[in-house]
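A short worksheet on the structure shown next.
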Amino acid sequence: MGDPRDRSRALLAVGLVLVTALASGHAHADTRDVAARVQEQWKVAGARTASVPTRFVFDDETILVPIPPEPDDHESACTQVAVVGARGLSFRARLSDAPMDPLLAPEPAARASSMAGVLELRRCEAGRPAVRHVVITAEAGRGAVEILVGRSDRPLAPLGSIIPERTGGAIPPPAEAGSLPPLVPLEKRVDAAEVRLRREGANVRERTLTRSGDEGSGEEELELDEGCHRIEVFGREPVRERPGRRFRLDLDAELRDGDQLLARDRTEAPDVRLETCVGSATDVSLVYAGAPPRSEVVVTRGTWPLPARLPPIWGPVARSKMARVMFLRHVAVPADDPVYLAQGATGVTPLPLSVETGACYVAVMGVTRGRARQLQLRAFVGGRESTDERGASEEAALSAFCVRAHESARLEVLARGTGVSWGLALFRVKSGAWETGR
């Protein structure tokens, strides 16, 4: 007979799996029920309805969903699309031919963001092309979504009157806040950015001047030397053609090394900041969008050397990943060599440590080979635990901890993926000698 504790742990694990599966199934069932109610009410109103096969969306994923065409002998005046997901799922959607910039959208109902897991899109304009595709972008969470299409000769009832528990009922339009204040001029924003770089000890490179294309986008080729880099992109504020109308400059950009995404900035801000580290000289592409068409765009660059104490044994790519996670989280460059090195592969790897009472440590790890679907670094000190779960997207993770009297410490690395291997370095950042005599 086995150990009763082992049987208890096995039963607990099975129970957790069943609970998770039941919760997921309940959420999907609720989604289908809500979608069925919407479709039923549209049919009662005389609409011709169609449903798209269930789609599954992941975090920060964009999918293009084809909409079933209307029969040749019908031509409806209005087309309405409902996208229904779980309550905790956050996403946005637009008709595929609607501009990406909401300020340029000729029809506000062609774009929407979800509320409690639902949103609706509508087109009721004569002469506009038929709705062929819907673009859905997941912003938080992952799960199944149901897409319904209703076509009729007049606008259908809004979702707020069909599923008020999801939409909160009718929401009054927000009060108009008036025109936005003008931005600080482009030249002053660029000067301020370079002052910040010098204050932080960066080597400031010569700024680059370029012009956006007809749609406000552009691409620049840059050469990055070995080190950590901050690249900022600045555009001019759009000209106000009509007094009182609200304009907003919102630049977005990505930094790519071929197919590999090095950095991305999609925040709602007039300027862009991209930060990355490379282990050797690298040619990269800077792609930006959101600037006024055919306008001046300025790119600034600041560079810092890679931390000299990062071990080179796993190659420049792994070293750059470790440097980047330290750079993005503003961790000071270690003054001494690492006191402990380790490497491992896919699975859970425990790492017992020999630590010094009163000392503080920083552990940094990076993927040396393969692509990780999940990467976690956990530190257990006495009864305390800290976890860095952001490693999969950054391909690196970091944890810092201090050791008190009579405490032991260990690290644990969780890696999931195909052919994944990793390296880890532990630095002592403060000695325990100051504790002597206490």
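Observations on the model:
- The alpha carbon convex hull volume per residue for the stretch 252-361 rounds to 172 Å³.
- Förster radius 51 Å - calculated FRET efficiency between residue 280 and residue 50 (Cβ-Cβ, nearest 0.05): 0.45
- Rg(Cα) / (2.2 N^0.38 Å) computed for the stretch 176-332, rounded to two decimals: 1.14
- For the listed peptides 412-425, 203-216, a ranking on the average number of other beta carbons within 10 Å per residue, highest first, reads 412-425, 203-216.
- Between residue 61 and residue 96, the distance separating the two model label sites (each 7 Å from Cα on the Cα→Cβ line) works out to 1.8 nm.
- Put in order of Cβ neighbour count within 10 Å, fewest first, the listed residues 145, 190 become 190, 145.
- Going from the fewest other Cβ atoms within 10 Å to the most, the residues 380, 58 appear in the order 58, 380.
- In nm, spacing of pseudo-spin labels at residue 348 and residue 222 (7 Å Cα→C-beta vector): 4.1
- Compared with the alpha-carbon gap, the fully stretched path from residue 400 to residue 332 is longer by 23.3 nm at 0.36 nm per residue.
- Relative protection proxy for 118-125, 33-40, 226-233, from highest mean packing down: 226-233, 118-125, 33-40 (other beta-carbon atoms within 10 angstrom).
- Measuring r between the beta carbons of residue 75 and residue 385 and using R0 = 56 Å, the FRET efficiency lands at 0.35.
- When Rg and the Kirkwood Rh are both derived from Cα coordinates, the Rg/Rh ratio for the stretch 315-435 amounts to 0.96.
- Maximal additional length on extending the residue 308-residue 137 stretch stands at 57.5 nm, based on 0.36 nm per residue less the C-alpha distance.
- Efficiency of FRET from Cβ geometry, residue 374 and residue 43, R₀ 60 Å, rounded to 0.05: 0.85
- Charge sum, other residues only, whose C-beta stays under 14 Å from residue 332's C-beta, Lys/Arg counted +1 and Asp/Glu -1: +2
- Extension gain, residue 207-residue 32: 0.36 nm per intervening residue step, less the Cα-Cα distance, totals 57.6 nm.
Since every read-out is calculated from the coordinates, none of them should be taken as a lab result. All of these numbers come straight from a predicted model, not from anything done at the bench. Neighbour counts are summed over all protein chains in view; Cβ atoms, including those assigned to glycine, are modelled from backbone coordinates with ideal geometry.
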